[in-house]
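The values are calculated or read from the model by the stated rules, or taken from the named source; none is laboratory data. Keep in mind that this is a model prediction, so the values were computed, not measured. Quick reminder, even Gly has a Cβ in these numbers, built from the backbone with ideal geometry, and neighbours come from all protein chains shown. To get the accessible areas, we keep the full protein, side chains included, count just its heavy atoms, and leave off ligands, DNA and RNA. Shrake-Rupley method; radii C 1.70, N 1.55, O 1.52, S 1.80 Å.
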Amino acid sequence: MRYRPSSRTKKTAIGTGATLLLAALNVPAALSFAQDRLHEYRISRPEYMAEYGVWDVVDVPEEFRTSAIHAALLRTGKVLLIAGSGNKEEEFDAGTFRTILWDPEENTFSEVPTPEDLFCAGHAALPDGRLLVAGGTARYEVLGDDVTHAGGGMLLKNENPDREHAFPRGTRLRSPSGREYVTETAVTVPAAAKEESGGEVEITAGEVRVFVVAADEGEEGVAKDPAQYEIAGLTGEDADNLYGLAGEITLDDQDFQGIDAAYEFDPEAERYVPVDPMGEARWYPTLTTLPDGRVLTVSGLDEVGEVVPGINEIYDPVTKTWSEGPERYFPTYPALFLTQGGEIFYTGSNAGYGPADEGRDPGLWDLETNTFTEVGGLTDPDQLETSASLLLPPAQDQRFMVLGGGGVGESEKATGRTAIIDLNEEAPAFADGPSLPQGTRYLSSVILPDDTVFTSGGSEDYRGRGLSDILKAQFYDPAANAFRPAAAPTVGRNYHSEALLLPDGRVATFGSDPLFGDAANTRMGEFEKRIEVYTPPYLKGGREETRPVLGEGPESAGLGGTATFATEHPERIETARLMRPSAVTHTTDVEQRSIQLEVERGEGRATFTLPDDPSLVPPGWYMLFVTDAEGTPSEARWIQVLGE
């Protein structure tokens, strides 16, 4: 006889089946939850932290959360976070520009009045501890179908040698055919130059470039031929002496445009102090400190959105003025490092704008002779945009490293290549280093006091497309030429992200500006405003309680001189390093460097001898770290290295 379950049994079986089905459906979620809890447990264990370190998200009050485009450590120990308009056109249009000061020791925040849109400026530390900030944004880009009014560059000319002439934004210019064009920014046209020779007078018109857009929409505003333009509202001699000259004015894409403004940020008064403007407008420039404390300023997009064509400038912090530098073309945000001997090494790393086949080959630039010697050996040389690069510690070894990078522009290419070059070799060339775990753009790389390099974050695709942020971190050991893993960050970092060393030996990370907010790339991304701080293993496992301590000592020292600090256990000091504070943006940090010091141990004191070469130790404020035999660093003491 065939068994037939009773109605009660049937219901029970159905109920049990439903329970089993629901349980099966929930297995992945339950498993994921259990794995997450297990991971949280593992990373919270002291032994894990002692091997891999630990990350902590900083509690930032809502009113101080900002889009950190730039991060710079000041000699006061505070971190300057510059957003400007923060890559938000509505903030630019509203004139809302932000700068936040963060004190990592007290975890306090304050807002600093920001005079102009310093979004995508350049920066470098000056000998007195001020931070030079130069360039920024004059106009946001307009692309594709959003270009409704033809635009282009125009030269405004002034043939009057007796006075300059200022024009407000919105000044109208009229073509011979009657089409009108409007200036996008206020400009001042200098007076003409006047020279007398042999009884004859030669007048050279003063000129300035400005971006103009057509008053009419569409094809009506396109100008195909060069022409001279009269300036509306001028009469008499002014109408004769002042005019515009332009070539084509088109409906092509219109790029970001730069400003010529420059400021020194005073870390004591905590405010921006205006200085003379640059000769060129610059957006995405690189600023590199020179041996005498002056600052070389290179590249950027100019006032009409074109890459500055090799016109470079040098800032003098004594006179607060700019002078012409040697001419050489680079794409925007080139990684230019001061080398021992005074030459500039271009690693090839860059960010953003410029043709793929111009100015991208790495090499040594002699500023005195304005000669450039290319170096080879790089794997994936077409993937240097958004790569990281640094001067490996100690700086005396003159070894540079390039890490990761991607193809030019919005390329999907990304490389896990690292490469190292020793400039002390007779014929320097790059050689492959150990590979990153995967192709990585926007990698952050920070030199630590124990001579390792901490790298974290980045993404596999352009601006994190497809949710491709890389939640990994690792240490590079130059002595072993190898990576070892570190604890994984919890906050993704790609475009517009930064990382820097704090005076207490930790690493702070900021920013990230993903293009999209989902894997399908259908939802716009949001700027990451959280700050996450990494505590390395050298401050865990009880080592933080036994770290070396430096007591009283001098606030300054000269090149080749000595600095003596009190310490209860001089015998525990194994190494000493001078570390220049970072000023970083767009993966570009040419400021950080770690200089080895000679150590003499005495009764209750330690004396450190500085190198005597200003190209190795340019003047300025440095963090002095000492480490013990295990690599545990002290907290930094700030010391000013005086110039020659």
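Give just the number: which of (1) in contact with a Gly (Cβ under 9 Å, 6 or more places away or on another chain); (2) more than 30 Å from residue 121 (Cβ to Cβ) does residue 464 not satisfy? Against the list (1) in contact with a Gly (Cβ under 9 Å, 6 or more places away or on another chain); (2) more than 30 Å from residue 121 (Cβ to Cβ), residue 464 comes up short only on (2).
Total residues in segment 448-479 satisfying the condition of being on the phi > 0 side of the Ramachandran plot and either among the basic types (Lys, Arg) or open to solvent by 10 Å² or more (accessible area, probe 1.4 Å) (or both): the figure is 4.
Residues that are β-branched (Val, Ile, Thr) and either surrounded by 17 or more Cβ atoms within 10 Å (Cβ to Cβ) or in contact with an Asp or Glu (Cβ under 6 Å, 6 or more places away or on another chain) (or both) do not occur anywhere in segment 232-240.
Considering only residues in segment 516-529 that are farther than 15 Å from residue 86 by Cβ and not aromatic (Phe, Trp, Tyr), the one that is most open to solvent (accessible area, probe 1.4 Å) turns out to be 523.
In summary, residue 611 fulfils each of the numbered conditions (1) surrounded by fewer than 21 Cβ atoms within 10 Å (Cβ to Cβ); (2) in contact (Cβ under 8 Å) with a residue 40 or more places away in the chain; (3) not in a loop (DSSP other than H, G, I, E, B) with the single exception of condition (3).
Of all residue pairs spaced 6 or more apart or on separate chains, those with beta-carbon atoms under 6 Å, a first member in segment 36-57 that is more than 19 Å from residue 493 (Cβ to Cβ) and a second member that is modelled with pLDDT of 75 or more and not in a helix (DSSP H, G or I) are 49/540; 50/540; 50/541. Screening 505, 511, 551, 542 for residues that are farther than 21 Å from residue 627 by Cβ and open to solvent by less than 40 Å² (accessible area, probe 1.4 Å) leaves exactly one candidate, 511. Pick from 273, 212: which is under 30 Å from residue 75 (Cα atoms) and assigned to a strand (DSSP E or B)? From the options 273, 212, the qualifying one is 273. For the criterion of being more than 27 Å from residue 229 (Cβ to Cβ), assigned to a loop (DSSP other than H, G, I, E, B), open to solvent by 10 Å² or more (accessible area, probe 1.4 Å) and not β-branched (Val, Ile, Thr), residue 280 fails. Contact map, segment 139-159: first residue over 21 Å from residue 258 (Cβ atoms) and of a type in the set (Val, Ile, Thr), second residue open to solvent by 10 Å² or more (accessible area, probe 1.4 Å) and part of a strand (DSSP E or B), Cβ cut-off under 9 Å, separation 6 or more or different chains; pairs are 148/142; 148/218.
Scan segment 614-640 for residues that are open to solvent by less than 20 Å² (accessible area, probe 1.4 Å), in contact with a Pro (Cβ under 8 Å, 6 or more places away or on another chain), assigned to a strand (DSSP E or B) and closer than 20 Å to residue 551 by Cβ and the total you get is 7.
Checking each residue in segment 455-474 for being part of a loop (DSSP other than H, G, I, E, B) and either in contact (Cβ under 8 Å) with a residue 40 or more places away in the chain or of a type in the set (Phe, Trp, Tyr) (or both) picks out 457, 458, 460, 461, 465, 466, 467. Out of 201, 189, one residue alone is buried (at least 16 other Cβ atoms within 10 Å of the Cβ), on the phi < 0 side of the Ramachandran plot and either without any contact (Cβ under 8 Å) to a residue 60 or more places away in the chain or touching a Ser or Thr at 6+ places or on another chain (Cβ under 6 Å) (or both). It is 189.
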